[in-house]
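Chemist: Please find one structure pasted underneath; my questions will follow.
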Amino acid sequence: MAITITAFERSPDRGQGLARDTRVRWALEEVAQPYDVRLLSFKAMKEPAHLALHPFGQIPTYEEGDLALFETGAIVFHIAERYAGLLPDDANARARAIMWMFAAVNTVEPPILDLVTARIFESDKPWARERLPLVQDRVRERLKQLSARLRDSGWLDGTFSAGDLMMVSVLLRLRPSGLLDEYPNLAAYVARGEARPAYKRAFAAQLAVFTANSSTRP
Ligand code: GTB
């Protein structure tokens with residue numbers, strides 16, 4: 001069944017791979033499934049055709065036959081369940097991998113998103129200088145805990161899984177802040193994720209969109 005995802009026509013990150021279609025592309029590359037991409041402008045994302053697929057008017061979405069999904073956690077989970085390569089066969093190991101997917105989006109990503117908001121969207125507010133250190137410390141607390149659990153392991157629970165794919169994707173968003181480098185084992189963990197051939201293909205594919213669209217349009 002053909003798979004189509006949506007992505008930014010022009011990602012605001014200028015091809016750094018930080019938009020969330022990258023994690024879906026990465027999952028599809030890990031399980032060796034080809035996919036098509038429908039590129040959307042910000043305007044098109046808020047129009048009825050896309051809102052029918054994504055009630056919040058965002059990217060990415062995932063279509064496969066009769067199935068339409070939004071939310072990257074759900075999309076990556078679906079890919080991992082349907083195709084071999086991202087979840088272990090052992091039932092307990094599988095449950096733990098899914099636990100790490102939830103931990104990534106539910107426990108680690110929220111303070112990171114708060115930091116992105118504080119650094120980018122609220123930096124001109126009168127209280128921004130006072131708030132930023134608080135938000136940074138909340139991120140540091142999560143990183144310290146994750147770093148302590150990971151120690152010098154390659155992946156979170158034995159072999160690479162969808163849990164690692166989601167966790168690395170979430171941590172990557174921190175790179176511009178420099179906070180990741182305060183935890184060398186986490187920085188190395190993220191680098192291990194980025195070194196995977198499937199990640200490299202996903203990154204190259206999203207970068208190609210940015211490159212093509214920035215050279216042809218003003
Ligand atoms: N919880 C949802 C999921 O995981 O699927 C969140 C989806 C989401 O936030 N989508 C963003 C979006 O469509 C794109 S990825 N935003 C447009 C809108 O809401 O109108 C978030 C993102 C955007 C930009 C950068 N960047 O420039 O660095 C990085 C990540």
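The values are calculated or read from the model by the stated rules, or taken from the named source; none is laboratory data. Keep in mind that this is a model prediction, so the values were computed, not measured. Counting neighbours? That spans all protein chains shown, and the Cβs are built from the backbone with ideal geometry, glycine included. SASA here: full protein model, heavy atoms, side chains in, ligands and nucleic acids out. Shrake-Rupley method; radii C 1.70, N 1.55, O 1.52, S 1.80 Å.
Chemist: Any chance region 52-60 includes a residue that's at pLDDT 95 or above, closer than 25 Å to residue 11 by Cβ and either part of a helix (DSSP H, G or I) or among the small types (Gly, Ala, Ser) (or both)? Spell out how you get there, then give the answer.
Modeler: Here is the first cut: in region 52-60, the residues at pLDDT 95 or above are 52-60.
When the remaining residues are screened for being closer than 25 Å to residue 11 by Cβ, the result is 52-60.
Checking the rest, the ones that are also either part of a helix (DSSP H, G or I) or among the small types (Gly, Ala, Ser) (or both) come to 52, 57.
Within region 52-60, one or more residues are at pLDDT 95 or above, closer than 25 Å to residue 11 by Cβ and either part of a helix (DSSP H, G or I) or among the small types (Gly, Ala, Ser) (or both).
Chemist: Across region 131-160, what is the number of residues that are polar (S, T, N, Q) and touching a Leu at 6+ places or on another chain (Cβ under 6 Å)? Don't jump to the end; show me each part of the working.
Modeler: The first filter runs over region 131-160 and keeps only residues polar (S, T, N, Q), leaving 136, 145, 147, 153, 159.
If we keep only those that are touching a Leu at 6+ places or on another chain (Cβ under 6 Å) as well, we get 147.
Qualifying residue count for the region: 1.
Chemist: Check whether at least one residue in region 116-134 is in contact (Cβ under 8 Å) with a residue 40 or more places away in the chain and under 30 Å from residue 38 (Cβ atoms), and report yes or no.
Modeler: Initial filter on region 116-134 (in contact (Cβ under 8 Å) with a residue 40 or more places away in the chain): 116, 119.
Next cut, under 30 Å from residue 38 (Cβ atoms) only: 116.
Yes, there is a match, as at least one residue in region 116-134 is in contact (Cβ under 8 Å) with a residue 40 or more places away in the chain and under 30 Å from residue 38 (Cβ atoms).
Chemist: Does residue 43 satisfy being more than 21 Å from the chain's Cα centre (by Cα), outside the structural domain of residue 26 (by TED's automatic domain parsing) and free of Cβ contacts under 8 Å to residues at least 40 places away in the same chain? Outline the logic, then answer.
Modeler: Details: more than 21 Å from the chain's Cα centre (by Cα): yes; outside the structural domain of residue 26 (by TED's automatic domain parsing): no; free of Cβ contacts under 8 Å to residues at least 40 places away in the same chain: yes.
No.
Chemist: Does at least one position in region 33-40 carry a residue that is crowded, with 18+ Cβ neighbours inside 10 Å, part of a helix (DSSP H, G or I) and within 12 Å of the ligand (Cβ to nearest atom)?
Modeler: Among the residues of region 33-40, not one is crowded, with 18+ Cβ neighbours inside 10 Å, part of a helix (DSSP H, G or I) and within 12 Å of the ligand (Cβ to nearest atom), which makes the answer no.
Chemist: Scan region 8-31 and tell me whether some residue there is within 16 Å of the ligand (Cβ to nearest atom), at pLDDT 95 or above, of a type outside the set (Gly, Ala, Ser) and assigned to a strand (DSSP E or B).
Modeler: For region 8-31, residues within 16 Å of the ligand (Cβ to nearest atom), at pLDDT 95 or above, of a type outside the set (Gly, Ala, Ser) and assigned to a strand (DSSP E or B): present.
Chemist: Pick from 163, 158: which is over 19 Å from the mean Cα position of the chain (by Cα), closer than 23 Å to residue 24 by Cα and at pLDDT 95 or above?
Modeler: Working: 163 fails: over 19 Å from the mean Cα position of the chain (by Cα).
Checking each option against the conditions leaves just 158.
Chemist: Can you tell me which residue is nearest to residue 114 (Cα to Cα) among those in region 202-218 that are at pLDDT 95 or above, more than 14 Å from the chain's Cα centre (by Cα) and surrounded by 15 or more Cβ atoms within 10 Å (Cβ to Cβ)?
Modeler: Restricting to residues being at pLDDT 95 or above, more than 14 Å from the chain's Cα centre (by Cα) and surrounded by 15 or more Cβ atoms within 10 Å (Cβ to Cβ), the top hit is 207.
Chemist: Between 97, 74, 93, 52, which is away from the ligand (no atom under 16 Å from the Cβ) and surrounded by fewer than 22 Cβ atoms within 10 Å (Cβ to Cβ)?
Modeler: Numbers: 97 fails: surrounded by fewer than 22 Cβ atoms within 10 Å (Cβ to Cβ); 74 fails: away from the ligand (no atom under 16 Å from the Cβ); 52 fails: away from the ligand (no atom under 16 Å from the Cβ).
Among 97, 74, 93, 52, only 93 is away from the ligand (no atom under 16 Å from the Cβ) and surrounded by fewer than 22 Cβ atoms within 10 Å (Cβ to Cβ).
Chemist: Only one of 134, 180 is out of contact with any strand residue (DSSP E or B) (no Cβ under 7 Å at 6 or more places or on another chain) and open to solvent by 20 Å² or more (accessible area, probe 1.4 Å). Can you tell me which?
Modeler: 134
Chemist: For residues that are within 10 Å of the ligand (Cβ to nearest atom) and within 15 Å of residue 74 (Cβ to Cβ), scanning just region 105-120, find the one that is surrounded by the most Cβ atoms within 10 Å (Cβ to Cβ). Let's see the steps before the verdict.
Modeler: As a first pass, look at region 105-120 and keep what is within 10 Å of the ligand (Cβ to nearest atom): 105, 109, 113, 116, 120.
Of the ones still in play, those that are also within 15 Å of residue 74 (Cβ to Cβ) are 105, 109.
Details: 105: 18, 109: 20.
Within region 105-120, the match that is surrounded by the most Cβ atoms within 10 Å (Cβ to Cβ) is 109.
Chemist: Could you check region 156-177 and list, in sequence order, the residues that are part of a loop (DSSP other than H, G, I, E, B) and open to solvent by 40 Å² or more (accessible area, probe 1.4 Å)?
Modeler: 157, 158, 159, 173
Chemist: Here's another thing I want to ask about it. I want to confirm something. Restricting to region 55-64 and keeping residues that are open to solvent by 10 Å² or more (accessible area, probe 1.4 Å) and either touching a Phe, Trp or Tyr at 6+ places or on another chain (Cβ under 8 Å) or free of Cβ contacts under 8 Å to residues at least 60 places away in the same chain (or both), which single residue is farthest from the ligand (Cβ to nearest atom)? Even if it seems obvious, please write down each step before you answer.
Modeler: Here is the first cut: in region 55-64, the ones open to solvent by 10 Å² or more (accessible area, probe 1.4 Å) are 55-56, 58-59, 63.
Cutting the leftovers down to either touching a Phe, Trp or Tyr at 6+ places or on another chain (Cβ under 8 Å) or free of Cβ contacts under 8 Å to residues at least 60 places away in the same chain (or both) gives us 55-56, 58-59.
Numbers: 55: 11, 56: 7, 58: 3, 59: 4 Å.
The qualifying residue farthest from the ligand (Cβ to nearest atom) is 55.
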